[in-house]
Structures are given as C-alpha cells and as structure tokens.
C-alpha cells in the first residue's frame, strides 16, 4: 500500500487481481468503523475534502497536503468518489487510490459514504462506475463491482469532532433513527438531503430537505456548531443558515460554481460556526485562501 501511496499514478497500472487485494484489505477496516465516527480533541488539524467525482488529479493534490505531515493531520472525504469523472475510467483510479490511502492510514483518513456509493440501495443518476469497470477490466469487471459494493455498504456515514464540527455528505438524521450504515431512511437523510434554500430538487421521490431550524436543533443535540457537507454545488463555497452550514466540492468539473475547495480546522480550536474553518481553493493549480460567501 505504501508504494501506491508514494506513487499514486501506479494505481492506473494495476490489474484486477491487484485491485481485489486492495479491496480485501479495505473492507474489514470499513466494517470495523461505526456509522458515526467520533474524533476527539487533539493538537492535530482536520482537513475536509468535498465530492471528487473521479477527479483523480485533485485527489492526489489533496492527499499530498495530508502526506506532508500525516501524524499531524486527519483527512476526511465527504463522499461521491465515482461517476461524472473528467476523464473516462478515472473513477476507478480515484476510488482505488482512496482505498489504498485508507489502508495505509486507517486511523487518520476517513471516507464517508455519498449517494453515489449508496446506489446499491437508492439508485442515483448517472451511475457509470460499472461501465468504467467493464471498460478497464473486461470479463473480470462483475466480480470487482460486487466487491466494491461490499466496501460501499460498510463505509461510515457521518463524522463528529469533539470541538464542534459535524460532517456528512448531504444531510443529517432528521428523526430519531437507528444508526446503521445501509438503512434506507437514514441514507435518504444523510446522503441525499439538501437545504430548503437550495436550487436543487434531486433524488428519488420523498427525498428530504432541511430547514435552518431543523439544522440548528440537530447541531444543538449533537453538541456541534458547524455542519460541513458536499453534494449540492448550488451552495458550493457558501455558508448558509446563520453560517452553521458550509458546502464544499473538490472536483474540477464543478469549479465554475465556486472553486475546488478544501476546508480545515484545528481540533483544539473552539468552533463557533462554519466561518471558523479555513477554506482553500486549488482550481488555479495552487492552493490559495478562499473567502467563503455568506448567505
């Protein structure tokens, strides 16, 4: 795994057998993780990356920020690693590299589930991942796809830091629910929901939306002050609902909506709202400070 981590482009040369090996290591790690990851206070920094959607080049840039000082950082990806890739076939490289990173740093890298990783339970569109696997691996694609789905089922849904940040792909549990990684009603809340003020109206029939009051009530109950999410490019780079909710994406194909963003904070820093997270933009090819819009 360390060889792949040091040389990310080598992932594009791996055959089906070698991808199977990564998955065999990754699945037990995901299985051991709870649906809600708890991160204690410490002197480390936490980094949040939004949807990457097969943008392997940006994923490598984000990973490099972590790998410069892996003992001092925690890196959280907010889901949607596959489909809509800027280059055909790169979803496979993107997700396989992320799984290799997870295997190499299981206590420091967390991969939350997005709606595209929940397609096995609640279909999304476009779902191109199976076609990409078929194009790259031929007759071996189907077994690989089944193994990826096994991994997707076990990925965690949410993350909470002791200093007041809640993170998930899209939303949060809107009613008291049993926390299970693949419960359909919880998946609808966590990987599909959008804020009521968003321009997006996506997802299957009955997809929930959340109001400012609902978010405030949830955060108070969770002892958190800020919600960091992806999923909705219409609010990309914007703090909404009293600056309690920040949406970020980390994929070049959505840069025109507000950048290719990474958010970070110290885990020993008291968080008052989402504006306490520092946001950076790499859409120019270099990491630069990003001024979050407030709505």
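Read-outs throughout are calculated quantities, based only on the coordinates presented, and are distinct from any laboratory measurement. A quick note: this is a predicted structure, and the numbers were derived from the prediction, not measured. Don't worry about glycine lacking a Cβ; one is built from the backbone with ideal geometry, like all the others, and counts go over all protein chains shown.
Summary table below
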| item | result |
| --- | --- |
| Relative contact order of the chain, defined on C-alpha pairs under 8 angstrom at six or more residues apart (%) | 20 percent |
| Label-point gap, in nm, between residue 295 and residue 202 - each point 7 angstrom along Cα→Cβ | 1.4 nm |
| Choice from 179, 261, 236 with maximal GNM fluctuation in the chain (Cα, 10 Å cutoff) | 179 |
| Three-way shape label, region 145-263, alpha-carbon gyration tensor, a/c 1.5 | rounded |
| Length added when fully stretched, residue 31-residue 60, from 0.36 nm per residue minus Cα-Cα | 7.9 nm |
| For the chain, the Rg and Dmax computed from alpha carbons only, in angstrom | 17.6, 52 |
| Residue among 173, 126, 34 with the largest mean-square fluctuation in a Gaussian network model of the chain, springs linking Cα atoms under 10 Å | 126 |
| Inter-centroid distance (Cα atoms) of region 196-272 relative to region 110-184, Å | 18 Å |
| Fluctuation leader among 26, 118, 69 - the chain, Gaussian network, Cα springs under 10 angstrom | 69 |
| Ranked list, fewest to most other Cβ atoms within 10 Å of each Cβ, for 202, 24 | 24, 202 |
| Prolate/oblate/rounded label for region 90-154 (Cα gyration tensor, a/c 1.5) | oblate |
| For region 1-88, alpha-carbon Rg relative to the globular expectation (2.2 N^0.38 Å, N residues) | 1.20 |
| Ranking of 141, 287, 192 by count of other Cβ atoms within 10 Å, fewest first | 287, 141, 192 |
| 110, 66, 48, 172 arranged by Cβ crowding within 10 Å, fewest neighbours leading | 66, 110, 172, 48 |
| Crossing angle, helix 16-32 versus the chain [Cα axis fit, 0-90 degrees, rounded to tens] | 30 degrees |
| Mean ellipticity per residue at 222 nm, deg cm²/dmol - from DSSP H runs of n ≥ 4 across the chain, formula -39500 (n - 2.57) | -9000 deg cm²/dmol |
| Backbone N under 19 Å from the residue 13 label point (7 Å along Cα→Cβ), restricted to region 135-163 | 136-137 |
| Segment residue 122-residue 177, extension gain: residue separation times 0.36 nm, minus the distance between their alpha carbons | 18.0 nm |
| Rounded if a/c under 1.5, otherwise prolate or oblate - region 65-193, Cα gyration tensor axes | oblate |
| Contour minus Cα-Cα distance for residue 139 and residue 278 (0.36 nm per residue) | 45.5 nm |
